[in-house]
1. Of the residues Ser165, Ser151, Ser124, Ser112, which is of a type in the set (Gly, Ala, Ser), over 13 Å from the mean Cα position of the chain (by Cα) and open to solvent by 70 Å² or more (accessible area, probe 1.4 Å)?
2. Considering only the stretch 287-321, state which residues are in a strand (DSSP E or B) and farther than 17 Å from Gln231 by Cβ.
3. Provide a single number: the residues in the stretch 53-70 that are closer than 19 Å to Asp136 by Cα and in a loop (DSSP other than H, G, I, E, B).
4. Just give me the residues in the stretch 306-320 being open to solvent by 40 Å² or more (accessible area, probe 1.4 Å) and under 25 Å from Glu182 (Cα atoms), in sequence order.
5. Return the residues of the stretch 11-52 that are in contact with a strand residue (DSSP E or B) (Cβ under 8 Å, 6 or more places away or on another chain) and either assigned to a helix (DSSP H, G or I) or of a type in the set (Lys, Arg) (or both); say none if nothing qualifies.
6. Please find, among Gly276, Gly260, Gly267, the residue that is on the phi > 0 side of the Ramachandran plot and open to solvent by less than 50 Å² (accessible area, probe 1.4 Å).
7. Looking only at the stretch 71-86, which residues are open to solvent by 20 Å² or more (accessible area, probe 1.4 Å) and either in a helix (DSSP H, G or I) or more than 17 Å from Gly260 (Cβ to Cβ) (or both)?
8. Kindly indicate which of Val81, Val109, Val142, Val71 is farther than 25 Å from Pro178 by Cα and touching a strand residue (DSSP E or B) at 6+ places or on another chain (Cβ under 8 Å).
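The values are calculated or read from the model by the stated rules, or taken from the named source; none is laboratory data. This is a predicted model, so every value here is computed, not measured. Using ideal geometry, Cβ is built from the backbone for each residue, glycine included, and neighbour counts are taken over all protein chains shown. We work out accessible area using only protein heavy atoms, side chains counted, and drop any ligands, DNA or RNA first. Shrake-Rupley method; radii C 1.70, N 1.55, O 1.52, S 1.80 Å.
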Amino acid sequence: MPTSLSDGSPTELRHAWHELKSQRGMRARDAALALGVSEAELVASECGETATRIEADFRHLFMQLPRLGRVMALTRNESCVHERVGRFQDVSYDGQTGLVLGPDIDLRVFFSHWRFGYAVEEPSPQGLKRSIQCFDAHGGAVHKIHLRPESDVAAFHELVALFRSDRQTPGEVVEPLPPRHEDLPDDRIDVSAMRADWAAMTDTHEFFPLLKRHGLGREQALRLADPEFAQRMPVASVRALLDEAARTALPIMVFVGNAGVIQIHTGAVHNIRVMGPWLNVMDPDFNLHLREDQVHSVWMVRKPTRDGIVSSLELFDPHGANIALFFGKRKPGLPEAGDWRELLRALPADCGV
């Protein structure tokens, strides 16, 4: 089998994928990496078979998702997968930004990064697995909605019929990945001005404008911040945080995202498992799968707000891309919970760097 099928036909790609699935039980994302193509190209090779191409304004599709009932929403990046079971509730959009503010599924959506969509019905030993899968211009997955046994299958078929593209030929053309963004050199950053702006924040949402205003990468900002507000932590602190949150049933917030979606879990975590390089939360309605070996740096971050300091643990990969963020459960207008601060204070702090 060729190591790359980036120039192969959709038929060749589909056959190679079927062979990988039959021999190794390989998931679509891993098969795409093995075959040297994007995941969207892999799924699109099944158009007319197990995949139906969706051609629509994704905002309109988004507004129809509550009809599916209880589903599993999945958002991932290169190093972490966030899966949350629940209903799409309190769904809205304004321009290219969408919101889901239900008690279970909680999303911030950036539709300018959504390009391709497919409805997939894939045979499995448990029956047909149905999903809606959405990808960016480069063929990377931005968000997936997987139906569960209690989901509304009739509504799924109605949505597929409503948004079905007239073009169902297999194959997709994706854009090449752009070069990685490089941070400005540190000596071009006005560190004093950045630190003053940080200390003057009154809301955590002011952090992104601060980064843009000063031309900073997120991890770069933490590295240059006043030590009062950012402290490098060992990678082991992530597992320690989850273990202690599970032991005490402390409600936390877990943010995982990519350019197209940020997905948030709010609540306790219970079942923490380590499987090889994966650190996992395996709860009935929330699963988290984190590649610990791909976590390059961890930072404890403190941001001033009108409600007092808000603290988080932030994870980055070797390229400075954010993997995940952990906060204590908190609502605007209320101070941060003392037990969350105590948990952070008790984490191992010797990062050995």
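1. From the options Ser165, Ser151, Ser124, Ser112, the qualifying one is Ser112.
2. To start, the set of residues in the stretch 287-321 that are in a strand (DSSP E or B) comprises 287-291, 297-303, 310-316.
Asn287, Leu288, His289, Leu290, Arg291, listed by residue number.
3. 3
4. In the first step, residues of the stretch 306-320 are kept if they are open to solvent by 40 Å² or more (accessible area, probe 1.4 Å); the result is 306-307, 309, 318-319.
Hits for the stretch 306-320 are Pro318, His319.
5. Arg29, Glu39, Ala40, Val43, Ala44
6. The conditions single out Gly267.
7. Answer for the stretch 71-86, where residues must be open to solvent by 20 Å² or more (accessible area, probe 1.4 Å) and either in a helix (DSSP H, G or I) or more than 17 Å from Gly260 (Cβ to Cβ) (or both): just Met72.
8. Working: Val81 fails: farther than 25 Å from Pro178 by Cα; Val109 fails: farther than 25 Å from Pro178 by Cα; Val142 fails: farther than 25 Å from Pro178 by Cα.
From the options Val81, Val109, Val142, Val71, the qualifying one is Val71.
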